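Encoded as structure tokens, the structure appears first; notes follow it.
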């Protein structure tokens, strides 16, 4: 067999499961996609991992979460360990569990605490993976995003919410009013992981597809007079300007009047983050996208996009409950300049029944 060209070979007789790793900047990315499409048509289980804005020489950068995931997956495959959880998902669970344990009056999430115990995620040494500022950003982003989703539910109690990049997220359990319908969208292997560790609730649907292949929008069932919200929590790290523009355009064309909420950094915060990643003070990947003037940007993309919210994720009351007065003072400038913010859009003008 020509091991340099597995796309032309029959691997089903020697493999029960195949993992394919690629990055969007890799010159062999199209080759990896073709191999994935070929194997998917066979009886062999295939997992496709595509990373964005990440170097492809994974083993030379073991401290980047995506690269760490590749290394851990390969080690788990050699050891025959079927309980592998990617490093970025572990970090997300750790953050939610830590927030729920430290500030239960501000953020309740018993399901993430249970997940952390079940998977064996320890708090030790994880705080040191981020600077004090970025660790606070992560915690405040959880509360701010839940508030925006809650705002939508208060307006449309029977609406539809699509969690894009859901992995093992527990937002549905935190905000459920007993009436909304919920979709979780992520890569097939991550949805499989979700099914393994989390029960599927009533009114909840899981979709295992590449989020940048917008054909998955066809799998969402929306009655004409029902409002719909797309949630992109910490997903802009996978987007550049054109990808976000393409995503919003695909949603607008399929569901005119839909709402989209996401978090973003401005150019100053993006530069600070990238410097900290480069210096090793933050464990993550470089960001390629920032938003300074949301009004101007959305007007350039589509005049029908309406901004419902463009505000800092930091709220004085929350910071006062989490931090000392001296620590709170450090965030005054970032609040004023909106370094990190929540953006909530309505794409079009369709009206829904309340």
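Readers should treat all values here as calculations from the given coordinates under stated rules, not as data from a laboratory. Note that the coordinates shown come from a computational prediction; the quantities given were computed from them, not determined experimentally. Glycine gets a Cβ as well: all are built from the backbone with ideal geometry, and neighbour counts include every protein chain shown.
Structure above, values below:
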read-out	value
Structure-based [θ]222 nm, the chain - -39500 (n - 2.57) summed over DSSP H runs of at least 4, per residue, nearest 500	-12500 deg cm²/dmol
Fully extended contour minus Cα-Cα distance, from residue 131 to residue 275, at 0.36 nm per residue	50.7 nm
Highest to lowest packing among 324-331, 285-292, 134-141, scored as the average C-beta count within 10 Å	134-141, 285-292, 324-331
Relative contact order %, the chain, counting alpha carbon pairs below 8 Å whose residues are six or more apart	15 percent
Between the stretch 189-213 and the stretch 227-251, the Cα center-to-center distance that results, in Å	19 Å
Of 146, 60, 234, the one that fluctuates the most in a GNM where the chain has Cα springs shorter than 10 Å	60
C-alpha center-to-center spacing [the stretch 260-324, the stretch 139-187] in angstrom	20 Å
